[in-house]
Amino acid sequence: MEVIIKNVSIDQLGVLQALCVETFTETYASQNTKSDLDKYLETSFNQVKLESELHNQYSEFYIAYADGVPAGYLKINMGDAQTEIRDENGLEIERIYVLNSHQGKKIGQALFKKSRERALFHKADFIWLGVWEKNHKAIGFYEKIGFHTFDKHILVLGDDPQTDLMMKLDLA
């Protein structure tokens, strides 16, 4: 299987939006109410919001194509686009998701490798992210590649406040 990571352009907004909704739903639908999930999807992945994010000079989106088919995506933030820390020396992985049908095929690793390349390009000292405390699979993946938990924060999914672990990988 050939995996190619490509920067997302505005003309791929529909593909990106479909990936956002499908991967988030696959990951969290079984552990959240339909109303909370629907509210989050509408708020976070509507066309206007995604278009605005694509135009942000401090954010970058990438889609992973497996044998030509969109299989996952990555959103990274630098500078003021970071959701919390906003440290000029840091790069945030805001979203990194792979479709269930492509799990276990090293696509997540390829997307992470891209985030690390971009962090080094931007001369970041560290990469950080937030991950839901109940997403044990993702936490295990991040720990395996060197991330450690340094804090917690609350993410409101619909009307449900949930605890995210904040994890960091030092690059220096």
*Which of rounded, prolate, oblate describes segment 95-154, given a ≥ b ≥ c as roots of the alpha-carbon gyration tensor eigenvalues and a/c under 1.5 marking rounded, otherwise prolate only if a/b is larger than b/c?*
oblate
*Give the relative contact order (percent, whole number) for the chain; include only Cα pairs under 8 Å separated by 6+ residues.*
20
*Straight distance only, please: which lysines reach the Cα of K168 with their own Cα at less than 22 Å, same-chain residues fewer than 8 apart left out?*
K75, K106, K113, K114, K123, K134, K137, K144, K152
*Give the ranking of R116, R95 by solvent-accessible surface, highest area first, calculated with a 1.4 Å probe.*
R116, R95
*Taking the Cα centre of the chain as the origin, how large is its charge dipole in debye, to the nearest 20, when only Lys and Arg (+1) and Asp and Glu (-1) carry charge on their Cβ atoms?*
560
*Using only the C-alpha atoms of segment 54-172, find the volume of their convex hull and express it per residue in Å³.*
121
_I'd like the distance separating the alpha-carbon centroids of segment 125-172 and segment 29-77, in whole Å._
17
*Relative contact order of segment 16-111, defined on C-alpha pairs under 8 angstrom at six or more residues apart (%)*: 26
*Qualifying chymotrypsin sites (Phe, Trp or Tyr not before Pro) in segment 66-164, DSSP loop, other Cβ atoms within 10 Å at most 16*: none
*segment 1-129: percent of C-alpha pairs farther apart than 27 Å?*
17
*Determine the shape class of segment 53-116: with a ≥ b ≥ c the square roots of the Cα gyration tensor eigenvalues, call it rounded for a/c under 1.5, and otherwise prolate if a/b is greater than b/c, oblate otherwise.*
prolate
*GluC sites (Glu not before Pro) within segment 8-103, DSSP loop, no more than 16 other Cβ atoms inside 10 Å*: E84, E88
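Can you give the translational diffusion coefficient of segment 1-76 in µm²/s, computed by Stokes-Einstein from the Kirkwood radius over Cα pairs at 20 °C and 1.002 mPa s?
Estimated diffusion coefficient is 163 µm²/s.
The values are calculated or read from the model by the stated rules, or taken from the named source; none is laboratory data. For clarity, every value in this text was computed on a predicted model and none was experimentally measured. Note that we place each Cβ from the backbone using ideal geometry, even for glycine, and neighbour counts take in every protein chain shown. All accessible areas refer to the heavy atoms of the entire protein, side chains included, with ligands and DNA or RNA removed. Shrake-Rupley method; radii C 1.70, N 1.55, O 1.52, S 1.80 Å.
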